[in-house]
Amino acid sequence: MPLTAIASQVARGFAMGSADIVPGVSGGTVALVLGIYERLIDNIQRGASALRSTLARDGAGAISKARSVEWTWLLSLLAGILIAIAALSAIIEQLLDEQAVRTSAVFMGLVTGSIVIAWKLIKERTSVHGVIAICVGAALFFLLGLRSDTHTIGPEIVTRPIWVFVLAGALAICAMILPGISGSFILVMIGMYTEIIGAVNDRNLAVLAATGIGCILGLAGFSTLLNWLLTNYHDLVIAAMVGLMLGSVRVLWPWPSGTSTTELAAPEGDIIIPVVFVVIAAALVIVVERFSTRSARSHN
């Protein structure tokens, strides 16, 4: 893989990692916009298949399946994600705290543009796809409203048994690869966010290992299912993903306090600039997608 291609992939991962930091935004949304979502799921599924062969003591099969994974492509993407999380998490958290409405408006615009692009990915659009998108969006909108806050304040200590962390890891990782859902917010909703943060702060290796195992198991099982669904029911799955992004707007709606709450309020006070930010961010996503599409066609 040429160095320019690796650098491009790291940049894509950087964009995904930046999105994962924000409640209500998923790296899966960015992957969908960049046109690498299905390739990502396919490679994860191949890795999961290799893992299953390893556990089944099928050495030859595991090696063969592992070789089919685009490791350089996948690891370059992962490197970009980790770089973004390390470099931007403090900055974005500060912006979300000090410029809550305007920062939230930018991310809402990015997701709005992503919805337009994702809808175009449906090959044969019908009214059924619209109904699916609306129903899924409404369901997620209601689900996100079950909690008013997106951050849990409390003692960051471990109180749950180990097996609970396996389940939490599996659930969170599934959410993180779906457009429109934040894995960290899922942890908040199930009351596990501060527990896992506590395990990180205390360097509780047993709990972190259990969470990691849950992530691996969840990713392996869910990526296989998602890959099968994309192969056999592509348009219906994309419509559902559009719905997930529609529902996530509940967290990204700028008023009253940005992404810190799922409560909704009418625009007031700082209105004009956030609205301009929404429009600019949405337009930017659409322009970038069109440029990427034309660039890809010119190289074919």
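None of the figures in this text is laboratory data; all of them are computed from the coordinates on show. Nothing here was measured: the structure is a model prediction, and the numbers come from that model. All Cβ positions, even for glycine, are placed from backbone atoms using ideal geometry, and neighbour counts span all protein chains on display.
Assorted remarks:
- Computed log₁₀ I(q)/I(0) - Debye formula, equal Cα scatterers, no solvent, the stretch 3-298, q 0.10, 0.14, 0.15 Å⁻¹: -0.56, -1.13, -1.30
- Here the label points at Glu263 and Cys135, each 7 Å from Cα along the C-beta direction, are separated by 3.3 nm in the simple model.
- About the Cα centre, charge dipole magnitude for the chain (Lys/Arg +1, Asp/Glu -1 at Cβ), debye: 1040
- 222 nm mean residue ellipticity, helices alone, for the chain (DSSP H n ≥ 4; -39,500 (n - 2.57); rounded to 500): -25500 deg cm²/dmol
- Axial C-alpha extent at least 18 Å, average Kyte-Doolittle at least 0.5 - helices from the chain (DSSP): 3-20, 71-98, 100-120, 127-144, 162-176, 205-232, 234-252, 272-298
- Of all the options Asn201, Asn227, Asn43, the one that moves most in a Gaussian network model of the chain with Cα springs shorter than 10 angstrom is Asn201.
- Choice from Pro254, Pro161, Pro179 with maximal GNM fluctuation in the chain (Cα, 10 Å cutoff): Pro161
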